[in-house]
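Peer 1: Structure in C-alpha cells, see below.
What follows is calculated from the coordinates using simple rules that are stated; it is not laboratory data. In this text the structure is predicted, and so the values were computed from the model without any measurement. Note: ideal-geometry Cβ built from the backbone for every residue, glycine included; neighbour counts use all protein chains shown.
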Amino acid sequence: MTPPSFLSIPITLREQIYDELLTARAVTSLVSPICAILLLNRQVYHEVNDYLASKLLILIQTNDPLFIRSVLGDAARCSFPIISQLKLRPDIAHKDVSKAPIAMKVQFHMYRTHERGLASYPVFLIPASSLRILLDDILASPRWMDWTMQASISFQISNTFTYTQLRAEELLIGPWLEWIRPVKFLGVETDASISRALTHRLKGRLVGQHIAEELVRKFESLRHAALEKAHGEEWDLASERYSMASRYATLLWECHLACLRDASEKTLETDLILLLWAMVTEDGANHIQCFINAASDGRPNANLPTGCAVNNANLMQARQIGEEIIRIQSNRPSFGSEEMFNDETAQVIVRKGKAVVCYRLHVVCRALGDLDAAVGYLRDAYMYEPENTEKFERKAKELIAEGARDTGDAREGVVSWETDIVLMSG
C-alpha cells in the first residue's frame, strides 16, 4: 500500500498550508519559517510559485533604514502580514528575490544630504491583501507625516499574471486612490507600466502642498552636498549626490511646477523656473566633470589626450549623463515668463549653461575618440558662448587636424539643444 503523501492532499488544502507557511504574521514572527515542502519536488515548487503569483506580490524598497525600523515597530502592533522580510540594514546582504513572482514594486525614497545613498534596496515582500493594513494602520499614523513629506514614492507594475490589467490596477493601485486618510509625499513617480491618467490621479491623491522657496532651498542643500564631495575629490560620492539632486529636481518639475510658477509671479523678484533650470544644468556639467576627473586618475582639470580612453566606463557614463541633460532640459521651461525670456541677463544665464555642458561633452568625446562629435559639441559651445570665439576656434582646428569632420553629416553623434521654452501662466 502506497503511503499517503503531501501531494495526495487536495489542492485547496495545500494552498491553506502554503498560506500558513509562506505568510508571516507579526504577532508571531516577522520572518516566514523555512518552507521545507519546497524541497519535495518540482510540482510543489510550481504550485507555490503559482500561489504567490495569485497573491500579487508587492516588493517594498527604500534607501532609508529608518523606514525599515519604523515599519517593523508598527507591524508588531497591527499584525501586518508579509511574505518575507528581505533586509534589516543597508550594510547586510538582502535575500534574493530575482525569481519571485513580483507584481508591483513600490519605492519609498528619502532625500537627505548625508547618510542616505541614492540606491534603494528591497526590504519587504507583501501580498496585495496587506496594502490596506500598510496604509490605514501603519502609514496613516501622524508620526509618519513629516517623513513622507520629505520622501517620494514610486510605482512600477511588473506583471499582472492571470489578472487583467484593469483588475490588477484595482488591487495594486486602487487602495492608494481609496486611502481614507492619505499621508502626503514630496512627489509621485511612475513608469510606462502605469497610464498617464492613473499617474495624474495618484499625484492628486498623494502629493502634498509645499512652499516653493523651501523646495528650492532643499534642492540647493542637496547640490551643495554634492559640491562638497567634489571639492574633496571624492568623485564617486559626488556623482551619487548629483544623481540624488537630479532626481529631486525632477520631482519639482513633475509635481510642483505650478507652485514654482505661482511663487515667481507673486514675488516678481526671482524667477524660480529660471533659477531651477540654471542650477540643474550647472549640476549636469559638474556631474560630467566628476567622471572626467575620475577618468584622469583623480587629477582635476587634467588634459585627456585624443582617444586616450576609448572604452573608459567613467567617460562613457559622462557622455550618457551629458546627452540626457540636453534632452531633458530642452523639454523643460527655462523661463517663467515672457518678460524674463526677453531679459538679456536671463538669456546669458541660459546660453552659458548650455555652453558649458557642450564644452565638457566635447572633452569627453575627444577622449573617447569620437572626434566628429567632439568638434560638433565644440561648435555648439561656441554658438551659445560667442565671447570665447578664439578659444573654441583654436580647439576646433586642433580636432580637424587630428581627423575630425566639421560638416553637417558628421553631427549624427551630437545631441543638440532645442528652442527655449517659456512657461505660460496657468
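Peer 1: Below 12 angstrom from the Cβ of R366, what's the summed charge of the other residues (Lys, Arg +1; Asp, Glu -1)?
Peer 2: So the environment of R366 carries a net charge of -1.
Peer 1: Additional query: Could you check the simple spin-label distance between I328 and E178, using points 7 Å along Cα→Cβ, in nm with one decimal?
Peer 2: 3.6
Peer 1: Checking a compactness column here: for region 212-411, what do you get for Rg(Cα) / (2.2 N^0.38 Å), N being the number of residues?
Peer 2: 1.07
Peer 1: Taking the Cβ of E15 as the centre, find all other residues whose Cβ is under 14 Å away and add up their charges (Lys, Arg: +1; Asp, Glu: -1).
Peer 2: Taking every other residue near E15 into account, the sum is -2.
Peer 1: Follow-up. For the chain, how big is the tail of P(r) above 38 Å, as a whole percent of Cα pairs? Display every interim value, and only then the final one.
Peer 2: Numbers: 32946 of 90525 pairs.
Beyond 38 Å sits 36 percent of the P(r) for the chain.
Peer 1: What does DSSP give for region 107-261 in terms of the percent of beta bridges that are antiparallel, rounded to the nearest 5? Could you put the intermediate results ahead of the total?
Peer 2: Numbers: 4 of 9 bridges.
That works out to approximately 45 percent antiparallel.
Peer 1: Oh, and also: Could you go through region 227-232 in sequence order and give the Karplus-derived ³J(HN,Hα) for each residue, using 6.51 cos²θ - 1.76 cosθ + 1.60 with θ = phi - 60°, rounded to whole Hz, and x for Gly and Pro?
Peer 2: 5, 4, 5, 5, 5, x
Peer 1: Lysines near K397 by alpha-carbon distance under 26 Å, same-chain residues fewer than 8 away left out - which ones?
Peer 2: Straight-distance partners of K397: K352, K354.
Peer 1: Based only on Cα atoms, what mean projected area does the convex hull of region 140-252 have, in nm²?
Peer 2: 8.9
Peer 1: I would also like to ask the following. Using a simple charge model, +1 on the beta-carbon of Lys and Arg, -1 on the beta-carbon of Asp and Glu, nothing else, what dipole does the chain show about its Cα centre, in debye to the nearest 20? Working shown, then result.
Peer 2: Numbers: 46 positive and 54 negative charges, 265 e Å.
Roughly 1280 debye for the chain.
Peer 1: Something else: Fewest Cβ neighbours within 10 Å first, please rank F155, F341 accordingly.
Peer 2: Listing F155, F341 from fewest to most nearby Cβ atoms yields F341, F155.
Peer 1: Let me have the relative contact order for the chain, percent, based on Cα pairs under 8 Å that are six or more residues apart.
Peer 2: Values: 637 pairs, mean separation 45.8, N = 426.
With pairs under 8 Å counted, the relative contact order is 11 percent.
Peer 1: Evaluate E = 1/(1 + (r/R0)^6) for D343 and E228, where r is the Cβ-Cβ distance and R0 equals 35 Å; express this FRET efficiency to the nearest 0.05.
Peer 2: Once the sixth-power term is evaluated, E becomes 0.65.
Peer 1: Rank the residues M145, M244 as a footprinting-exposure proxy: fewest other Cβ atoms within 10 Å of their Cβ go first.
Peer 2: The fewest-first ordering by Cβ neighbours comes to M145, M244.
Peer 1: Pull up the DSSP beta bridges for the chain and report the antiparallel fraction as a percent, rounded to 5.
Peer 2: Counting DSSP beta bridges with both partners in the chain, the antiparallel share is about 55 percent.
Peer 1: Find how much the distance from N159 to H200 grows on full extension, using 0.36 nm per residue of separation minus their present alpha carbon separation; answer in nm with one decimal.
Peer 2: Working: separation 41, 0.36 × 41 = 14.76 nm, distance 2.13 nm.
That works out to 12.6 nm of additional length.
Peer 1: Here is a further query. So what is the calculated 222 nm ellipticity per residue for the chain, using -39500 (n - 2.57) for each DSSP H run with n of 4 or more, over all residues, to the nearest 500 deg cm²/dmol?
Peer 2: -16500 deg cm²/dmol
Peer 1: For region 50-66, just list the computed ³J(HN,Hα) in residue order, Karplus coefficients 6.51, -1.76 and 1.60, θ = phi - 60°, integers in Hz, with x standing in for Gly and Pro.
Peer 2: 5, 4, 5, 4, 5, 8, 6, 5, 10, 8, 8, 10, 7, 10, 10, x, 4
Peer 1: Give, in nm to one decimal, the length gained when the segment between R167 and D50 is fully stretched (0.36 nm per residue of separation minus the Cα-Cα distance).
Peer 2: Answer, rounded to one decimal: 40.4 nm.
Peer 1: Still on this structure, please answer the following. Whose amide H sits under 5 Å from the amide H of V207, counting only residues 5 or more places off or on another chain, with H placed in the peptide plane?
Peer 2: F185
Peer 1: For F335, which sequence-distant residues (separation of 5 or more, or a different chain) have an amide H within less than 5 Å of its own amide H, given hydrogens modelled in the peptide plane?
Peer 2: Answer set, sorted by chain and number: I421, L423.
Peer 1: For Y111, Y242, what's the fewest-to-most ordering of other Cβ within 10 Å of each Cβ?
Peer 2: Taking fewest neighbouring Cβ atoms as first place, the list is Y111, Y242.
Peer 1: Taking K218 as the anchor, which aspartates and glutamates have their alpha carbon closer than 18 Å to its alpha carbon, excluding any fewer than eight residues away along the same chain?
Peer 2: Filter leaves D64, E115, D146, E228, E240, E254, D271, E282, D283.
Peer 1: Another one. Using the Karplus curve 6.51 cos²θ - 1.76 cosθ + 1.60 with θ = phi - 60°, work out ³J(HN,Hα) for each residue of region 176-187 in order, rounded to whole Hz, and write x for Gly and Pro.
Peer 2: Working through the residues one at a time gives 5, 6, 9, 4, 5, 10, x, 7, 9, 10, 4, x Hz.
Peer 1: Label-point separation (nm) for K391 and T407, each offset 7 Å from Cα along Cα-to-Cβ?
Peer 2: 3.1
Peer 1: Amide H neighbours of A151 under 5 Å, at least 5 residues apart or on other chains, H built in the peptide plane: list them.
Peer 2: Here L186 satisfy the definition.
Peer 1: How much length would be gained if the chain were fully extended between R217 and R247, taking 0.36 nm per residue of separation minus their Cα-Cα distance, in nm to one decimal?
Peer 2: 9.3 nm
Peer 1: Mind checking which lysines have their Cα closer than 22 Å to the Cα of K105? Skip sequence neighbours fewer than 8 apart in that chain.
Peer 2: K55, K87, K95, K184, K203
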